Amino acid sequence: MWIYQKNLEYPVKVCGPNPKLAKVIITQYGGPDGELSASLRYLNQRYSMPTDKARGLLTDIGTEEMGHMEIVATIFYKLTRGVSPQQMEAAGLGGHYAQHNHALFWNDANGVPWIASYVQATGDPITDLTEDMDAEQKARSAYEHLIQLSDDPLVTDVLRFLREREIVHFQRFGETLNDVQGFMNSKKFF
Amino acid sequence: MDNSQENPQAQKVIITACDHNNQLAMLLEIQQLQFIAIELNLYLDTHPDDQQALMSYNSIVPQLKQSIASYEQLYGPLFHFGLSTSQLTWQWINSPWPWDM
């Protein structure tokens, strides 16, 4: 069960319409290292985790990532609100406008739609937690690239928050990986 | 120039803008408290025996509940599905959505 809370985890303000920035930020909505991938990956991997610590952490980070997806969606929504089709096209969002108008969609920065093969669940908790750490680092890199590209200081502030969360998640996944490795070793008899 | 006395509509607009700022400030307090709770929650998932972190987490819970209750009294429910009550008319669909705030 999930309950919706009618506020963002972190407030989102933008300086004004900026479809060019929206075009690149959408990758953290529906790109390979974006928040949809993150939340679905973690929530889906819970079922094959051997410890309650790992199940708990994947539940909680997966839930926080859904909140991050809402933050990224809000950035895109605010940066494209009231932008004309011509301005969308000039910013490289002509294809997006043709298919989705101003609606949100899970694309990467090049308009490639989200696919399930961005995420994996091997059923091997060591492999899956290692993938999760890798995913957090890729998301951190993506946010750093977006910070480099951002010309809106208010958006940059939100991107910095999201970047920091990836670092904390990486840390927590690393601790969980150690814990699960210890648990698995204790189960082996030679 | 204060023209609020000649123009009651202008006064209403000013109050509405002020109220919106107050709403965002109260929401920010909730976001700040909840961020502490989220951060401690994740930490406790991997450090369940850390008594100091647990005490910090437990001390945030009543503060967060109080902030949410104060906010909801003025601006309507933040939660649905039986976790917050509503006045008439059903308030859930009447308060602004997060992306429009």
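The values are calculated or read from the model by the stated rules, or taken from the named source; none is laboratory data. Source: prediction; values computed, not measured. No Cβ is skipped: glycine too gets one built from the backbone with ideal geometry, and neighbour counts run over all protein chains shown.
Among what's in region B:15-66 and is outside any helix (DSSP H, G or I) and loosely packed, with under 14 Cβ neighbours inside 10 Å, pick the residue that is nearest to the chain's Cα centre (by Cα). Applying the filter and picking the extreme gives B:Pro48. Output the residues belonging to region A:110-146 that are in contact with a Ser or Thr (Cβ under 9 Å, 6 or more places away or on another chain) and on the phi > 0 side of the Ramachandran plot. Once the filter is applied, which keeps residues that are in contact with a Ser or Thr (Cβ under 9 Å, 6 or more places away or on another chain) and on the phi > 0 side of the Ramachandran plot, region A:110-146 yields only A:Gly123.
Number of residues in region A:123-156 that are in a helix (DSSP H, G or I), under 19 Å from A:Tyr29 (Cβ atoms), charged (D, E, K, R) and touching a residue at least 24 places away in the same chain (Cβ under 8 Å): the value is 3. Scanning region A:83-121 for residues that are assigned to a loop (DSSP other than H, G, I, E, B), more than 22 Å from the chain's Cα centre (by Cα), among the small types (Gly, Ala, Ser) and more than 21 Å from A:Cys15 (Cα to Cα) gives no hits.
In the condition set (1) aromatic (Phe, Trp, Tyr); (2) surrounded by 14 or more Cβ atoms within 10 Å (Cβ to Cβ); (3) more than 7 Å from chain A (Cβ to nearest Cβ), B:Trp90 is compliant with all but (2). The set of residues from region A:21-33 being part of a loop (DSSP other than H, G, I, E, B) and crowded, with 20+ Cβ neighbours inside 10 Å comprises A:Ile26, A:Gly31, A:Asp33. Residues that are away from chain A (no Cβ under 11 Å) and either modelled with pLDDT of 95 or more or surrounded by 11 or more Cβ atoms within 10 Å (Cβ to Cβ) (or both): does region B:76-84 have at least one? So far as region B:76-84 goes, no, none of its residues is away from chain A (no Cβ under 11 Å) and either modelled with pLDDT of 95 or more or surrounded by 11 or more Cβ atoms within 10 Å (Cβ to Cβ) (or both).
Considering the conditions (1) surrounded by fewer than 21 Cβ atoms within 10 Å (Cβ to Cβ); (2) closer than 30 Å to A:Pro17 by Cα, A:Gly56 is excluded by exactly one of them, (2). Taken together, A:Gln87, A:Gln99, A:Gln148 contain a single residue that is surrounded by 15 or more Cβ atoms within 10 Å (Cβ to Cβ) and not small (Gly, Ala, Ser), which is A:Gln87. Of the listed requirements (1) within 12 Å of another protein chain (Cβ to nearest Cβ); (2) part of a helix (DSSP H, G or I); (3) surrounded by 19 or more Cβ atoms within 10 Å (Cβ to Cβ), A:Leu36 misses just one: (1). A:Lys78 meets all of the listed conditions (1) within 12 Å of chain B (Cβ to nearest Cβ); (2) under 30 Å from A:Lys188 (Cβ atoms) but one, namely (2).
Among residues that are within 12 Å of another protein chain (Cβ to nearest Cβ), over 20 Å from A:Met1 (Cα atoms), of a type outside the set (Ser, Thr, Tyr) and in contact with a helix residue (DSSP H, G or I) (Cβ under 9 Å, 6 or more places away or on another chain), A:Ile25 is not included. For B:Leu44, indicate whether it is closer than 26 Å to A:Ala73 by Cβ and of a type in the set (A, V, I, L, M, F, W, C). In short, no.
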